[in-house]
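See below for the structure under consideration.
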Amino acid sequence: GAVVSQHPSRVICKSGTSVKIECRSLDFQATTMFWYRQFPKKSLMLMATSNEGSKATYEQGVEKDKFLINHASLTLSTLTVTSAHPEDSSFYICSAADNYGYTFGSGTRLTVV
Amino acid sequence: AQRVTQPEKLLSVFKGAPVELKCNYSYSGSPELFWYVQYSRQRLQLLLRHISRESIKGFTADLNKGETSFHLKKPFAQEEDSAMYYCALSTGGGNKLTFGTGTQLKVEL
């Protein structure tokens, strides 16, 4: 079945630095990928829809200048958390639409210290 | 805008008992409904989608448009069914998924 690889699985960074998270579709082409944020014991909150070759569509309340999304190829989307602060610490998950529905990456645990 | 409601945060049942995880939705068009499962320390996995009408791991879900529901059912719970279950809705065509808040299923011996 479809596989989405997300990297890194964990990252710790200093406040004020930027962190890039990669999401790859391994055996299919994904024109659309999605980025979610999951708070402890809470549901997934959609942050943005990433479209290959065009600008991402951000959900209301998500700062596009803080969460930069690039979808330069049909198999790779990246999320860069710029000037990270402790409140950005969270679990970030990517997803891609495939023939069966939506396949999810394993998530990235970001800790900003 | 579409919305998905899962009224139970936690559902605890005994092994062998029937399970029903509730999901209601609101959407004016024809939705695509999904159930996803997240086992401890694992990624979200697709369990069911309503258009395929499959039974996976003994789970079934029927879309009831009159009641705008997509409840997940299993006649006999197994210990390995303990996990977090999310109901989700898409407006189709690979559009974004809207998730419910999830129900933690705990199957006790």
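Just so it is clear, none of the values below were taken in a lab; they were calculated from the coordinates. These figures come from a predicted structure and were not determined experimentally. Please note: Cβ atoms are built from the backbone with ideal geometry, for glycine as well, and neighbour counts cover all protein chains shown.
Some observations on this one:
- Annotation: extensible slack from residue B:57 through residue B:1 equals 17.0 nm (criterion: 0.36 nm per residue apart, minus Cα-Cα distance).
- Separation of the residue B:95 and residue A:89 label points, Cα + 7 Å toward Cβ, nm: 3.7
- The fewest-to-most ranking of A:46, B:97 by surrounding Cβ atoms within 10 Å reads A:46, B:97.
- Packing rank of A:2-13, B:35-46, A:51-62, where each peptide gets the mean count of other beta carbons within 10 Å, highest leading: B:35-46, A:2-13, A:51-62
- Principal axis extents of the Cα atoms in the protein assembly as shown, from largest to smallest and rounded to whole angstrom, are 51, 37, 32.
- In chain A, a dipole from Cβ-located charges (positive for Lys and Arg, negative for Asp and Glu) runs towards its positive end, and of A:33, A:47, A:100 it is A:47 whose Cα lies farthest in that direction.
- Of all DSSP beta bridges confined to chain B, the antiparallel ones make up roughly 85%.
- Applying 1/(1 + (r/R0)^6) with R0 = 41 Å to the Cβ-Cβ distance of residue B:39 and residue A:17 gives a FRET efficiency near 0.80.
- Taken as Cα centroids, the range B:1-37 and the range A:19-45 sit 22 Å apart, rounded to the nearest whole angstrom.
- Inter-chain Cβ neighbour count for A:103-110, averaged per residue, equals 3 (cutoff 10 Å, partner chain atoms only).
- Under 26 Å from residue A:14, Cα to Cα: lysines that are on another chain or at least 8 residues apart: A:41, A:42, A:64, A:66
- In chain B, lysine pairs with alpha-carbon atoms under 19 angstrom apart (chain gap of 8 or more, or interchain): 19
- Intensity falloff of chain A expressed as log10 I(q)/I(0), Debye formula with alpha-carbon point scatterers, at q = 0.17, 0.22 Å⁻¹: -0.75, -1.24
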